[in-house]
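**Student:** This is the structure I want to talk about, given as C-alpha cells.
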Amino acid sequence: MSISKRNTAIPSLIASACVALVSHTAAAQPAPTTPHDAALCITCHGAHGEGAPTGAPRLAGQNAAYMSHALSMFKAKTRASAIMQPIAQTLSDAQMSELANYFSKQTATLAEGQSAASPELLQAGKQLAEVGVANVAACFSCHGAHGQGNGARFPSIAGQPAQFVTDRLHEFQARARAKAPQPGTMTAVAATLDESQIQATAAYLSRLEPALADSP
C-alpha cells in the first residue's frame, strides 16, 4: 500500500471505530423506567401524563418541583381534592420526587386534540392569554411565553384540558368569595374573570401545544 493510500485509510478507520463506540454506548444506556407508583397516576392522567377531557390535568412536561410541591400539599390537606388527598397520603417524599421527575420528562399529545370551539371563543382566549384585557393581566405574564411555565411557582398551562382549567379557576373564585385574596395571586386574578372569559381561556389553552419535555 502506498503512503498516500495509508494516510487516507487511517482517518477512515478511526471514524469507523468512533461510530461503533458511540452506537455501542447508546445501546448500552438503559431506557427510562416507569416508577411502580406511576400506575396510580396513569389511571386518571393518561399513559404519558397527557391528562383527560374530563378534568384530570396534564402532567407531561410539567415542572418537577411544582408537581412534587403539589403532591405534598395534597398529602398535608392544604390543597383540596377528594381524589388526590388519599393518594398523596400513601406516598413518601422520595416517591413524590420520583413521580414528579418521571412525568416532567414525558411528552404526550394533547388530551383533547381539536375539540370543538368556535373561532371567536379561541380568539378571545388568545387575547386573554397573550395580552390580557382591561381588568385581567395576561396569563403568559406569569406563566411564561406560550404558557410553557416559569419555574416551580408558575406551572405550565399550555395543553391543559379545558375542563381542568375551568375547574381550577372556579376553585380560585370560591376562595376569593370566602376570603379577600392577596393582590397578584391567582385567587385575585380569577376573582376578576367572568364565565365567558374562563371558558375562552380554557378553550385556547387546551389547544396550545406544550414544549417538549427535553427542551432547554
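No value in this document is a laboratory result; all are computed from the given coordinates. Nothing here was measured: the structure is a model prediction, and the numbers come from that model. Heads up, the Cβs are rebuilt from the backbone with ideal geometry, glycines too, and the neighbour counts pull from every protein chain shown.
**Student:** So which trypsin sites (Lys or Arg not before Pro) in the range 111-200 pass both tests, a DSSP loop state and at most 14 other Cβ atoms within 10 Å of the Cβ?
**Tutor:** Arg153, Lys179
**Student:** Pull up all non-local amide H partners of Leu59: gap of 5 or more, or a different chain, and H-to-H distance under 5 Å with H placed in the peptide plane.
**Tutor:** Glu50, Gly51
**Student:** Tell me, what ³J(HN,Hα) does each residue in the range 36-45 have, in order and in whole Hz, if you take phi through Karplus 6.51 cos²θ - 1.76 cosθ + 1.60 with θ = phi - 60° and put x for Gly and Pro?
**Tutor:** Those phi angles translate into 4, 6, 4, 4, 5, 7, 4, 3, 9, 8 Hz.
**Student:** Still on this structure: What residues qualify as long-range amide H neighbours of Phe154, i.e. H under 5 Å apart, gap of 5 or more or another chain, H built at 1.01 Å from N?
**Tutor:** The list, which skips near neighbours in sequence, is empty: none.
**Student:** Once amide H atoms are placed 1.01 Å from N in the peptide plane, what residues at a sequence separation of 5 or more from Leu208, or on another chain, have their amide H within under 5 Å of its amide H?
**Tutor:** Amide H to amide H, under 5 Å and 5 or more residues apart or across chains, Leu208 pairs with Gly159.
**Student:** Per-residue HN-Hα couplings for the range 104-112, Karplus 6.51 cos²θ - 1.76 cosθ + 1.60 at θ = phi - 60°, whole Hz, x for Gly and Pro?
**Tutor:** With the stated coefficients, the range 104-112 comes to 5, 9, 7, 10, 7, 6, 5, 5, 9 Hz.
**Student:** Using the count of nearby Cβ atoms within 10 Å as a rough guide to exposure, how do Asp37, Asp194, Asp167 rank from fewest to most?
**Tutor:** Lowest count first: Asp194, Asp167, Asp37.
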